[in-house]
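The values are calculated or read from the model by the stated rules, or taken from the named source; none is laboratory data. Quick caveat: nothing in here was measured; it's all calculated off a predicted structure. Counting neighbours? That spans all protein chains shown, and the Cβs are built from the backbone with ideal geometry, glycine included. Just so you know, the surface numbers come from the protein's heavy atoms only, side chains and all, with ligands and any DNA or RNA stripped out. Shrake-Rupley method; radii C 1.70, N 1.55, O 1.52, S 1.80 Å.
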Amino acid sequence: MSAAPKAPLIGHQHLLSIRDLSPGDVTSLLDLADTYVDLNRQQDKKLSTLKGRTVINLFFEPSTRTQASFELAAKRLGADTVNMAVTTSSVTKGETLLDTVATLNAMNPDLLVVRHHASGAQRMLVSTANCSIINAGDGTNEHPTQALLDALTMRHKFGDLSGLTVAICGDILHGRVAKSNLYLLAMMGARVRLVAPPTLLPPDATRWGAEIFHDFEAGIKGADVVMMLRLQNERMEGTLLPSTREYFRYYGLTPERLALAKPGAVVMHPGPINRGVEIDSRVADDPKTSLILTQVEMGVAMRMAILDALSQHRRNDVGARA
Ligand code: NCD
């Protein structure tokens with residue numbers, strides 16, 4: 001078993017929004033996650049930092065990367081993990097979110113990782129549960145752990161976030177990844193561009209302080225990072241686009257378009273990718289420029305850092321009350 005790195009005290013019991021974090025919190029989490037990147041590349045990946053603790057994953061929306069990486073992260077830190085399968089739980093018998101969480105909370109978990117289709121759902125749970133709540137995506141609002149793992153990926157590649165130009169392209173209106181990334185990147189001194197058709201941008205997007213582009217090629221020109229997002233069809237009401245073929249024609253990332261970005265620019269995507277809709281396979285699969293699988297690797301390390309740091313807060317909190 002390897003030696004455990006020391007978790008920073010980020011001063012929070014929960015992780016609900018990037019906007020609750022300070023630049024110092026973000027840097028501490030990135031530094032801790034770096035140590036876990038190294039650990040995860042070793043044969044023996046197991047620590048006992050969270051031995052005796054329980055992590056419950058409660059996902060009301062589909063997930064591959066987020067759920068698997070939280071589960072692996074918890075296991076590598078030595079915690080016990082439970083993945084609640086919502087489709088076979090009492091939710092299907094009409095139990096509310098609050099009752100489900102109150103029930104799970106009565107089993108004394110230490111950390112509850114929640115993904116829900118309602119924006120703000122996790123913040124509502126804070127008064128129902130006394131464990132730490134982690135937002136693994138709330139509706140169209142935020143996905144803070146994705147933004148943190150994206151930041152880790154960019155810092156690995158470029159050394160620093162400050163001064164980078166990041167073009168976030170696609171369905172910004174429904175995309176929680178866009179919002180969390182925008183808040184984090186702006187806080188850490190990066191320049192953010194939002195690139196989307198007018199129907200896929202919130203009408204008040206300008207208040208976020210990012211540069212807005214409707215022309216895809218102008219939006220990615222000279223960018224260090226081109227971050228592509230999926231069309232969130234499951235959240236769209238009515239027809240916001242003529243067709244996916246038309247969308248690819250104007251907003252799809254091809255190698256020819258990527259050549260407009262800064263030399264050495266990288267491509268990111270939180271996944272799942274929709275080939276031929278927002279991204280050409282030649283771009284997605286090019287190991288020279290695509291960081292898509294690196295993001296997945298960084299996801300486990302960042303989630304280890306988050307679980308560790310929040311438990312550290314809890315350890316101190318419980319200690320103070322004892
Ligand atoms: C994202 C999500 O769920 O918001 N996926 C993820 O967590 N990797 C992005 C998406 O679903 O498009």
- Calculated from backbone phi, Karplus (6.51, -1.76, 1.60) coupling profile of the range 97-103 in Hz, x at Gly/Pro: 4, 5, 5, 4, 5, 4, 5
- Item | 19 Å reach of a label modelled at residue 262, 7 Å along Cα-to-Cβ, counting backbone N of the range 188-209 | 188-195
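Of the listed pairs 45/157; 46/179; 221/288, which have alpha-carbon separations greater than 26 Å here? Working shown, then result.
Values: 45/157 23 Å; 46/179 33 Å; 221/288 19 Å.
Beyond 26 Å: 46/179.
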- Task: Could you tell me which of rounded, prolate or oblate describes the range 134-272, using a ≥ b ≥ c as the square roots of the eigenvalues of the alpha-carbon gyration tensor, with rounded for a/c under 1.5 and, failing that, prolate when a/b is larger than b/c and oblate otherwise?
- Result: oblate
- Comparing 110, 34, 285, which has the greatest mean-square fluctuation in the GNM of the chain with Cα pairs linked when under 10 Å apart? 285
- Note on the structure: Probe 1.4 Å, all chains present, heavy atoms only: residue 169 accessible area in Å², nearest 10, is 0
- Message: Tell me whether the range 19-92 comes out rounded, prolate or oblate; compute the Cα gyration tensor, take square roots of the eigenvalues as a ≥ b ≥ c, and use a/c under 1.5 as the rounded threshold.
- Response: oblate
- Task: Tabulate in residue order the Karplus-calculated ³J(HN,Hα) for the range 259-269, using 6.51 cos²θ - 1.76 cosθ + 1.60 with θ = phi - 60°, rounded to whole Hz; enter x for Gly and Pro.
- Result: 4, 7, 6, 5, x, x, 5, 10, 10, 10, 6
- Binned Cα-Cα distances of the chain, short to long, each 20 Å bin given as a whole percent: 33, 57, 10, 0
- Probe 1.4 Å, heavy atoms of protein chains only: per residue, the accessible area of the chain in Å² is 42
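Give the carbon-plus-sulfur fraction of the accessible surface of the chain in %, rounded to a whole number; probe 1.4 Å, heavy atoms of protein chains only.
On the way: 7090 of 13560 Å².
Carbon and sulfur: 52 percent of the exposed surface of the chain.
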- Query: In a GNM of the chain with a 10 Å cut-off on Cα contacts, which of 170, 24, 271 has the highest mean-square fluctuation?
  - Reply: 24
